[in-house]
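Below is one structure, written out as structure tokens; the observations come after it.
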Amino acid sequence: MNKSGIRLGRVASPFGVKGWVKLVSFTQPRENIFSYKRFFAIRDGEEVELELDAGKPQGKGLIAHFIGFDTPEAVRELTGLELSVTPDALPDLDGDDYYWHQLIGLQVVNQNGTVLGRVESLFETGANDVMVVAPDTGSVDDEQRLIPWLPARVVIKVDLAADQIVVDWEADYLV
């Protein structure tokens, strides 16, 4: 059963002699990865489930232990695996907060109803997040746009049911 997953981290390498591994966390803050106990990963084309039984910060990184992997030799087969969870494993967010995976693929229109494209990805800048909006069928043009994620100022409405984000952004605002 292949699940649609949210990537939360990656196994970097074995650590020590008792089956621990170094982890790279994609969560914010990075220690939030330890809030999850069950992960799945794809190894040699097959889905494997992993259960975390311990994890902690170690120096500038994170280390973890998975049930059933108790030797350096056993955890070598985990090296490089991406750790995912199903979307229903994520905690509910308050009000107008969204996970990035919920926004990817949504159509972006301005207040005049002009289709600007679809959210291709998002990235952080420090000041605010930015949506990368790629042209799509029905877009006003073939331009890619970088639109700041500024709720109430630029992002007027997110309607997940309608598959749409309404923005205060004109078609001629280009990169």
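The values are calculated or read from the model by the stated rules, or taken from the named source; none is laboratory data. As the structure is a prediction and not an experimental result, all values here were calculated from the model. We place every Cβ from the backbone using ideal geometry, glycine too, and count neighbours over all the protein chains shown.
Here is a yes/no grid of residues against (1) over 30 Å from residue 165 (Cα atoms); (2) touching a Pro at 6+ places or on another chain (Cβ under 7 Å):
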residue	(1), (2)
15	yes, no
21	yes, yes
32	no, no
46	yes, no
51	yes, no
69	yes, no
80	yes, no
84	no, no
Qualifying residues in the stretch 58-67 (those that are at pLDDT below 95 and touching a strand residue (DSSP E or B) at 6+ places or on another chain (Cβ under 9 Å)) - the one nearest to residue 19 (Cα to Cα): 58
Condition broken by residue 48, with the remaining ones in (1) over 21 Å from residue 28 (Cα atoms); (2) surrounded by 18 or more Cβ atoms within 10 Å (Cβ to Cβ) satisfied: (2)
Residues located in the stretch 156-173, provided they are in contact with a helix residue (DSSP H, G or I) (Cβ under 8 Å, 6 or more places away or on another chain) and over 15 Å from residue 117 (Cα atoms): 160
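Looking at 75, 109, 115, 24 in this structure, which one is within 21 Å of the chain's Cα centre (by Cα) and at pLDDT 90 or above?
24
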Top-ranked residue of the stretch 90-107 - restricted to ones that are in contact (Cβ under 8 Å) with a residue 60 or more places away in the chain and among the aliphatic types (A, V, I, L, M), ranked as surrounded by the fewest Cβ atoms within 10 Å (Cβ to Cβ): 90
Tally of residues being surrounded by 19 or more Cβ atoms within 10 Å (Cβ to Cβ) and in a helix (DSSP H, G or I) across the stretch 65-82: 1
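For the stretch 27-38, check the following and say yes or no: at least one residue is assigned to a strand (DSSP E or B) and touching a strand residue (DSSP E or B) at 6+ places or on another chain (Cβ under 6 Å).
Going through the stretch 27-38, the residues assigned to a strand (DSSP E or B) turn out to be 38.
Applying the additional criterion that residues be touching a strand residue (DSSP E or B) at 6+ places or on another chain (Cβ under 6 Å) yields 38.
Checked the stretch 27-38: at least one residue is assigned to a strand (DSSP E or B) and touching a strand residue (DSSP E or B) at 6+ places or on another chain (Cβ under 6 Å).
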Extreme residue, surrounded by the most Cβ atoms within 10 Å (Cβ to Cβ), among residues of the stretch 141-175 that are of a type in the set (Val, Ile, Thr) and part of a loop (DSSP other than H, G, I, E, B): 154
Of all residues in the stretch 108-140 being farther than 30 Å from residue 36 by Cα and among the β-branched types (Val, Ile, Thr), the one that is surrounded by the fewest Cβ atoms within 10 Å (Cβ to Cβ): 137
Output for the stretch 69-78, where each listed residue is β-branched (Val, Ile, Thr) and in contact with a Lys or Arg (Cβ under 9 Å, 6 or more places away or on another chain): 71
